[in-house]
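Just below is one structure, and these are the notes that go with it.
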């Protein structure tokens, strides 16, 4: 986690809040009683979570820096899902970030007071089955024998679409992949904030480098030399190119046409599924 992530979390929460002002609060899709009630809690309950950044020190160590984020549980879950995505289902990091853990704990505490058991799972992906996605889960997995009720919220992700949806005519697979990659990388590593972070104190710059390294390792593209020069633009361009290559290959295999692929894009939304069951 880093100042870059602090800024990204802030922007994601502001974007989500602005969208929710337009759409009121997100409505459950195909609700059932207990699950719908819990989904309403997730959509409307506000929370302030505390988390740490400190890439060059152990958690809680002398160089760790505390941060706070405030929003509805749905907004916080969406921000956490986007903040540290995995490639091909495997995260390069050693485990959940402090921010993700704090959001999951706040969600679990709010939903388990409603009676019965609940699991809340937020998933963000540029399109269904994309090779890069983010997931946050709060609560246990229901047993196979349980009678499970479910409801789903669709909330803004805070990620721009980089012209993917609005441009006409429909882009070809390669152009669509480029735009998706650009939208993702520029959200994860906003260029100006990244440049400032790389030139900042060791706690901030070290944490920023770790976030870059996790994604570059997952994509198999080196960026350490660019980071050593504090060149966030060059690092971002390499990540965008590598991610675009993955997207283009996957889109070509997954969809019959660029038009079908474009219609499937959901980079701007996070799906939050609430599952509820009794003992």
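The values are calculated or read from the model by the stated rules, or taken from the named source; none is laboratory data. Keep in mind that what you see is a predicted model, and the values were worked out from it rather than measured. All Cβ positions, even for glycine, are placed from backbone atoms using ideal geometry, and neighbour counts span all protein chains on display.
Key figures
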| quantity | calculated |
| --- | --- |
| Sole residue being surrounded by fewer than 21 Cβ atoms within 10 Å (Cβ to Cβ), modelled with pLDDT of 90 or more and outside the structural domain of residue 97 (by TED's automatic domain parsing), chosen from 258, 191, 201 | 258 |
| Test: residue in segment 159-174 that is modelled with pLDDT of 90 or more, assigned to a helix (DSSP H, G or I) and in contact with a helix residue (DSSP H, G or I) (Cβ under 8 Å, 6 or more places away or on another chain) | yes |
| Scope segment 89-138; condition at pLDDT 95 or above, assigned to a loop (DSSP other than H, G, I, E, B) and more than 21 Å from residue 216 (Cβ to Cβ); matching residues | 127, 128, 129 |
| Test: residue in segment 208-228 that is in contact with a helix residue (DSSP H, G or I) (Cβ under 6 Å, 6 or more places away or on another chain), in a helix (DSSP H, G or I), at pLDDT below 90 and crowded, with 20+ Cβ neighbours inside 10 Å | yes |
| Residue within segment 178-186 that is more than 20 Å from residue 132 (Cα to Cα) and in a helix (DSSP H, G or I) present | no |
| Out of 242, 259, sole residue that is assigned to a helix (DSSP H, G or I) and more than 21 Å from the chain's Cα centre (by Cα) | 259 |
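A quick yes/no check of all residues on (1) more than 30 Å from residue 258 (Cβ to Cβ); (2) surrounded by fewer than 20 Cβ atoms within 10 Å (Cβ to Cβ):
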position	(1), (2)
78	no, no
82	no, no
88	no, yes
108	yes, yes
116	yes, yes
123	no, yes
129	no, yes
135	no, yes
